[in-house]
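The values are calculated or read from the model by the stated rules, or taken from the named source; none is laboratory data. Note that this is a predicted model, so its numbers are computed, not measured. Every residue, glycine among them, receives a Cβ derived from its backbone with ideal geometry; neighbour counts consider all protein chains shown. Each accessible area value is taken on the protein alone, full model and side chains, heavy atoms only, with ligands, DNA and RNA left out. Shrake-Rupley method; radii C 1.70, N 1.55, O 1.52, S 1.80 Å.
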Amino acid sequence: MEWQADGTVIARRPHGETAVIIDVLTLEHGRHAGVVPGGASQKRAAMLQPGARLSLRWRARQADQLGSFTAEPLRMRAGLMGDQTGLAGLNAICALLVFALPERDPHPLLVARTEALLDLIEAGADWPQTYLAWEMLLLDEMGYGLDLSACAVTGATEGLAYVSPRTGRAVSREGAGDWADRLLPLPALLGGAGDNRGRDLVEGLAITGHFLEHRLAPDLVGRPLPAARGRLIRRLLDR
């Protein structure tokens, strides 16, 4: 078995004395792991850091084996290490991908959005809102997408102000009634009717965090969210 593709490193771990196992994110093959012989050397280790873009050849005798990679650098994305918030963003993105994505299950839209987000972070652009949209997409791709198109109670498409923490559906002010204090605020950033724009990112990340922590993590993965996500959120909210 053999394939060639470009991919981005999202995890690496030691394997024996001289090799490493890397997880890469590829358009064609999704999250895919393999051994890189000699990858622990100082010269090779530098190009196998999370965020690095590689040209890859994967080989294995059987399709279900771990297999090995031959890897050559395409982009090192050194700018991802340029500041602590950007590094926290890289760590959170990689950790969530390894946590949530089944191995060898292609998700081309998520891959494309991930590459674009990493490029934004590397460029030093204003990326936190794009990160929020990325978490929304991750939930959707994993089968836990939110329905914010209309009120779950009245069917109205205007005046949407809340999200049900149970169903992930939008709720209008009228539809919320006495249940409003049990719902999650829906910020304008995600199509809500609220005008508290100073808290848009806070409220948006609270929504995605709720469904990542209370739906995706226990139902799909069976363990808590990676700590890297919490570290990033604290940095973003403290800025």
Relative contact order (%) - criterion: Cα under 8 Å, at least six apart; region: the chain: 15
Surface per residue (accessible, 1.4 Å probe) for region 63-185, Å²: 48
Phi-based couplings in Hz for region 38-55 (Karplus 6.51, -1.76, 1.60; Gly and Pro marked x): x, x, 7, 5, 4, 5, 6, 4, 4, 8, 10, 6, x, x, 6, 9, 10, 8
For residue 20, residues with placed amide H under 5 Å, excluding near neighbours: 15, 36, 38, 39, 40
Label-point gap, in nm, between residue 193 and residue 66 - each point 7 angstrom along Cα→Cβ: 5.6
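Over the chain, what number does the Rg to Rh ratio reach, with both radii from the alpha-carbon atoms and Rh per Kirkwood?
1.04
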Förster-model FRET efficiency, 45 Å R0, residue 84 and residue 18, C-beta, rounded to 0.05: 0.90
Dipole moment magnitude, nearest 20 debye, region 4-116 about Cα centre, only Lys, Arg, Asp, Glu C-beta charged: 240
Residue 174/residue 133 FRET efficiency (R0 35 Å; Cβ-Cβ; nearest 0.05): 0.80
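Quote to one decimal, in nm, the extra length available between residue 167 and residue 59 on full extension: 0.36 nm per residue of separation minus the C-alpha distance between them.
Numbers: separation 108, 0.36 × 108 = 38.88 nm, distance 4.31 nm.
Length gained between residue 167 and residue 59: 34.6 nm.
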Relative compactness, region 51-141, computed as alpha-carbon Rg over 2.2 N^0.38 Å: 1.19
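Summarise the accessible area of the chain (1.4 Å probe, protein heavy atoms) by the percent that is carbon and sulfur. Write down the numbers at each step before the final one.
Details: 5730 of 11780 Å².
The nonpolar share, carbon plus sulfur, comes to 49 percent.
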Two-site FRET efficiency, residue 1 against residue 219, from Cβ-Cβ distance with R₀ of 35 Å, rounded to 0.05: 0.65
Gyration tensor (Cα) of region 148-239, equivalent ellipsoid semi-axes in angstrom: 25, 17, 9
Estimated dipole of the chain in Debye, rounded to 20 [Cβ of Lys and Arg +1, of Asp and Glu -1, Cα centre]: 780
